[in-house]
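Read the structure below first, then the notes.
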């Protein structure tokens with residue numbers, strides 16, 4: 001490839017990936033409505049454009065395959081042959097070949113992806129069928145006709161693309177960093193203004209505050225993408241898996257226009273796919289069993305996203321067989337993860353969360369679908385890594401529901417600054433449920449663990465002094481101290497701190513290099529006075 | 001030998017003091033020299049990691065080379081400086097006793113074979129520069145830093161293994177530092 005072309009490679013990959021996703025989506029719709037000519041036209045157009053793009057770039061294999069698809073689709077859209085399940089299947093398979101082809105291009109190495117078998121299949125699918133209509137394998141859909149026959153939807157698409165620009169994510173990150181610095185410096189100016197009581201400065205600072213606020217909001221918005229970016233792939237996942245397992249599934253998606261930080265969206269894909277596969281594979285029963293249990297033949301799986309005060313709540317619900325907490329606990333005992341005594345002391349919710357322990361699998365047999373790759377433990381770890389939480393609700397025989405709560409963005413958060421001795425630490429406000437003022441003598445010890453009773457409930461405590469290697473708090477002192485009650489997922493602890501400092505909007509900076517493995521610390525931030533303050537990794541100190 | 005631009009066979013060296021010896025690093029690697037203020041301690045880190053500072057919006061780790069190399073440590077005074085260096089795309093601050101000057105050394109005045117005049121392991125050295133009657137030990141910062149990362153990881157792993165959760169080892173050290 002010439003150097004000139006390679007510059008466009010990234011662009012091609014990202015556009016082609018988008019096309020592939022749209023192809024998948026439209027094909028799924030076509031499967032439900034095979035007579036829909038508009039859809040067929042849309043699919044044809046997508047394949048045609050894909051072919052054109054690949055040809056311009058000189059990617060032979062993609063061009064050939066897309067061309068072959070286009071031929072088949074042309075016959076279909078001219079209604080010279082009927083859309084059959086076989087044809088749809090072949091088209092799906094062709095998309096499955098296109099994907100590794102794109103990866104091949106992206107990686108720049110020849111991965112020997114073979115397309116001959118697929119192209120033959122595309123050709124044969126019409127011929128082998130005893131034609132229901134005249135089905136000559138028509139060869140030449142000329143580019144000009146395709147160009148003229150633009151559907152309405154394609155024009156609408158055009159309008160949309162004209163108002164957006166593709167930007168490298170790196171630029172957005174830099175922009176975010178700069179805004180972060182601006183916010184820090186603004187805070188510094190405010191402090192100066194307050195210290196020296198300069199009215200004029202304070203007035204223009206108020207103005208500056210408004211502007212930086214809007215700027216920050218806008219920049220944050222640029223980093224947000226709708227969850228449809230990943231959600232759109234899932235109908236295909238469900239369809240394929242349901243077919244494989246001979247299950248009938250009605251898959252619904254809701255709220256795919258909800259926006260999240262790009263990084264979170266990318267990272268959350270894998271866990272979500274895992275949850276979806278679990279729901280289809282283990283959750284939903286086969287039709288016969290469902291009928292026997294008085295349920296509808298078709299299983300229902302619902303994926304929904306919605307905003308909830310500073311959070312995005314993603315919920316995956318199925319009306320399958322559900323889980324029994326006690327069975328899970330029994331299994332954990334069998335596996336030696338748990339003792340009978342411990343089980344007796346556990347709540348049902350705690351038993352349920354056992355499935356998120358590494359190496360726990362409830363499937364009687366490990367299938368190649370849900371038994372491999374990410375486990376529930378990875379789902380939980382990943383969600384918590386983003387300061388999010390995972391909760392499970394389930395009813396034996398009725399179904400399960402997995403709820404993931406994620407913060408909207410990672411870059412700027414609200415935090416409570418606390419003090420231990422002379423050191424200041426930041427605790428993300430989103431984790432905090434309550435702050436309690438106590439006298440140290442109220443702290444009790446159960447099995448060497450410090451606890452406190454809050455409204456008839458025992459709250460385990462973690463001393464921030466201890467976690468960060470500072471001298472222990474003298475329990476006999478009468479001086480007031482504070483418990484910051486935090487929550488991650490279904491876990492709750494109280495963090496003992498000496499005093500509360502302030503509440504602030506902080507810009508999270510990750511620590512790298514030598515500092516990449518800090519314990520109990522998830523990052524750092526810079527305060528208005530230029531001081532560096534470390535952010536407590538709540539999940540890490542639990 | 002030294003990476004910075006060579007003007008007629010010379011190298012520019014930033015010279016600093018570490019427990020009564022003179023050390024130098026190539027000027028190209030030095031970003032700036034600052035005073036050690038506003039260091040935030042990072043709990044649970046080996047003692048040679050003094051903490052982090054805010055360098056114009058960038059958070060950089062501060063390393064005490066004296067601690068790392070087992071040299072005698074001096075209390076911070078008016079001469080104590082932090083040499084901010086960029087090493088393999090990472091910015092770090094190195095605490096030194098003092099920074100004296102920038103020297104231009106003729107390349108033939110640099111002896112590539114490090115003599116046994118210092119306590120520091122020979123592998124971290126690039127050579128020794130001779131100027132008048134002074135000897136300036138030239139540090140190989142890339143090596144020093146890779147080693148720092150490695151030993152940080154090792155220490156953390158060791159602490160985790162020895163103490164289980166809670167890393168009391170670090171606790172004691174830090175406790176001493178805090179008192």
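Data table
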item	result
Near pairs, Cβ below 7 angstrom, 6+ apart or cross-chain, from the stretch A:478-492 (over 15 Å from residue A:353 (Cα atoms)) to any residue that is assigned to a loop (DSSP other than H, G, I, E, B)	A:478/A:439; A:480/A:439; A:481/A:473; A:481/A:498
Lone qualifier among B:123, B:163 - being modelled with pLDDT under 80 and more than 14 Å from every other protein chain (Cβ to nearest Cβ)	B:123
Scan of the stretch A:32-76 for residues that are buried (at least 18 other Cβ atoms within 10 Å of the Cβ) and within 25 Å of residue A:249 (Cα to Cα), ordered by number	A:39, A:40, A:43
Residue satisfying condition, being modelled with pLDDT of 75 or more and within 11 Å of another protein chain (Cβ to nearest Cβ), within set B:171, B:158, B:150	B:150
Of all residues in the stretch A:182-200 being part of a helix (DSSP H, G or I) and surrounded by fewer than 16 Cβ atoms within 10 Å (Cβ to Cβ), the one that is modelled with the lowest pLDDT	A:188
Pick from the stretch A:505-540, criterion surrounded by fewer than 19 Cβ atoms within 10 Å (Cβ to Cβ) and within 27 Å of the chain's Cα centre (by Cα), ranking: farthest from the other protein chains (Cβ to nearest Cβ)	A:505
Given (1) more than 14 Å from every other protein chain (Cβ to nearest Cβ); (2) modelled with pLDDT under 85; (3) in contact with a helix residue (DSSP H, G or I) (Cβ under 8 Å, 6 or more places away or on another chain), number of the condition residue B:75 does not satisfy	(3)
Which listed residue is touching a strand residue (DSSP E or B) at 6+ places or on another chain (Cβ under 9 Å) and farther than 18 Å from residue A:166 by Cα, from A:225, A:253	A:253
Condition check for residue A:290: without any contact (Cβ under 8 Å) to a residue 12 or more places away in the chain and assigned by TED's automatic domain parsing to the domain that holds residue A:390	yes
Checking residue B:24 against (1) in contact with a helix residue (DSSP H, G or I) (Cβ under 8 Å, 6 or more places away or on another chain); (2) away from every other protein chain (no Cβ under 14 Å); (3) in a strand (DSSP E or B), the condition it does not meet	(1)
Output for the stretch A:80-108, where each listed residue is over 25 Å from the mean Cα position of the chain (by Cα), in a helix (DSSP H, G or I) and more than 18 Å from residue A:51 (Cβ to Cβ)	A:85, A:86, A:87, A:88, A:89
Any hit, the stretch A:523-541, residues being out of contact with any strand residue (DSSP E or B) (no Cβ under 6 Å at 6 or more places or on another chain) and without any contact (Cβ under 8 Å) to a residue 24 or more places away in the chain	yes
Subset of the stretch B:126-144 that is crowded, with 21+ Cβ neighbours inside 10 Å and within 14 Å of another protein chain (Cβ to nearest Cβ) - its residue that is nearest to residue B:14 (Cα to Cα)	B:141
Residue that is surrounded by the most Cβ atoms within 10 Å (Cβ to Cβ) [pool: residues in the stretch B:27-49 that are within 11 Å of chain A (Cβ to nearest Cβ) and part of a strand (DSSP E or B)]	B:49
Hey, residue A:211 away from chain B (no Cβ under 14 Å), under 26 Å from residue A:260 (Cβ atoms) and in contact with a helix residue (DSSP H, G or I) (Cβ under 9 Å, 6 or more places away or on another chain) or not	no
Members of the stretch B:27-60 that are touching a helix residue (DSSP H, G or I) at 6+ places or on another chain (Cβ under 8 Å) and under 17 Å from residue B:143 (Cβ atoms)	B:29, B:48
Positions within the stretch A:387-414 being in a strand (DSSP E or B) and closer than 23 Å to residue B:52 by Cβ, in sequence order	A:412, A:413, A:414
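Residue-by-condition table, conditions (1) touching a residue at least 60 places away in the same chain (Cβ under 8 Å); (2) in contact with a strand residue (DSSP E or B) (Cβ under 6 Å, 6 or more places away or on another chain):
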| residue | (1), (2) |
| --- | --- |
| B:24 | yes, yes |
| B:37 | no, no |
| B:72 | no, no |
| B:91 | yes, yes |
| B:95 | no, yes |
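The values are calculated or read from the model by the stated rules, or taken from the named source; none is laboratory data. No experiment lies behind these values; they were computed from the predicted model shown. Cβ atoms come from the backbone with ideal geometry, glycine included; neighbour counts cover every protein chain shown.
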